[in-house]
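Student: One structure coming up, written as structure tokens, with questions to follow.
All of the numbers you see were taken from the coordinates with simple rules; none came from a lab. Note that this is a predicted model, so its numbers are computed, not measured. Quick reminder, even Gly has a Cβ in these numbers, built from the backbone with ideal geometry, and neighbours come from all protein chains shown.
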Amino acid sequence: MNITELRYLVAIMKWGSVSAAAKQLYAAQPNVSKALKNLEEEYHLRIFERSSTGMIPTEQGRHFIEQAARILEEVDRLDQGVQEEQKRCTELRVMIPHATYASYAAVDLLEQAAGVEQLRIHIREGGSMEALDFVLRRGYHLALLRYAIEDADHYNYYCTRRGLKMEPIMDFEYYLLTNQDGPLASREIHDLSELNQYVEILHDDFQLPGEDGGDGIRWHVNDRRRVHVYERCSQFSILQRIPTAYMWASPMPRRALDQFHLVLKKCPAQHQKMRDVMVYPDKSALRPEERAFIELLHKEAAQTVK
């Protein structure tokens, strides 16, 4: 027995026939007939007598249908209660990389939810393996992974084995992010060693591939002039105030570049291809606000400057 079968049963009682019930419920008539047959076989009773004038409930069938109707009323009240609670409360736990467009998507969601009675929002930044740990063990439901495309098979295998759905968001190459009026804004870098005379800003909370001791050396890191900064706004402020500073960055929204007077430049000497992928448990339904966040993420990704 399931809720759909009970709805079919009550509809047959209300409309007098299988065909009429199917029409009213926009269901296939064979499905309605099968549901009735399943219930009669499961409970070993005849619910309806078939006649030329329609379906006539037996005495036992009438009692069964009355009980089914009461169960459906409770289910409908439960559904209504859940919907009302969801309207009063916005709940989101998400891990994201250091990606400005992802931060903007989070702000877009908060703007939409600002009038909600209860907000329970957790937005945490970190690397891909840490993000997976938060989804698998620490109660988070969404994680935006960022990894080199050459590592895609590893992440696909890892997520599939652990029952996680993967939803691609964006493929990209890293760009040089620097001051619009700085020397790098008008210079084309053909050899990464040319950057050693400038100041590189790096995220300080995780090891970039290419640093001494790092796994999988993939791109150049300035080993002479570097500044490690954890917080994104401070990074942008440094780039804004120091024209000779730069950092490697993923595509960014135009409004972020304009706000901090920055520019993204394609660097012919850097060919690392990256991928951002949203992951979440494959078997559980997304809450409306979780789906809304993913849609906003797609929107912001589409509007980034490349």
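Student: How far apart, in nm, are the 7 Å Cα→Cβ label points at GLU194 and LYS283?
Tutor: 5.4
Student: Which of the peptides 20-32, 66-78 is most tightly packed, and how do the rest follow, going by the mean number of other Cβ atoms within 10 Å of each residue?
Tutor: Sorting 20-32, 66-78 by mean packing, highest first, produces 20-32, 66-78.
Student: Output the 0 to 90 degree angle, nearest 10, between the alpha-carbon long axis of helix 152-161 and the longest principal axis computed from the alpha carbons of the chain.
Tutor: Helix 152-161 sits at roughly 30 degrees to that axis.
Student: Could I ask something else about it? Using the C-alpha atoms of the chain, what convex hull volume per residue, in cubic angstrom, is computed?
Tutor: Spelled out: Cα convex hull of the chain, divided by residues, is 172 Å³.
Student: By how many nm would the segment from ASP181 to HIS228 lengthen if fully extended, with 0.36 nm per residue of separation less the alpha-carbon distance?
Tutor: Contour length minus the Cα-Cα distance gives 14.7 nm.
Student: Against the longest principal axis of the chain, how steep is helix 29-43, in degrees 0 to 90 to the nearest 10, with axes from Cα atoms?
Tutor: The angle comes out near 70 degrees.
Student: How big is the convex hull of the Cα atoms of segment 3-86, per residue, in Å³?
Tutor: 95
Student: Please give the calculated 222 nm ellipticity per residue for the chain, where each DSSP H segment of at least 4 residues contributes -39500 (n - 2.57) and the sum is spread over every residue; nearest 500 deg cm²/dmol?
Tutor: Roughly -13500 deg cm²/dmol at 222 nm, from the helical runs in the chain.
Student: Oh, and also: Using the Cβ atoms and a cut-off under 11 Å, what net charge is assigned to the surroundings of LEU264, where Lys and Arg are +1 and Asp and Glu are -1?
Tutor: Once positives and negatives cancel, what remains is +3.
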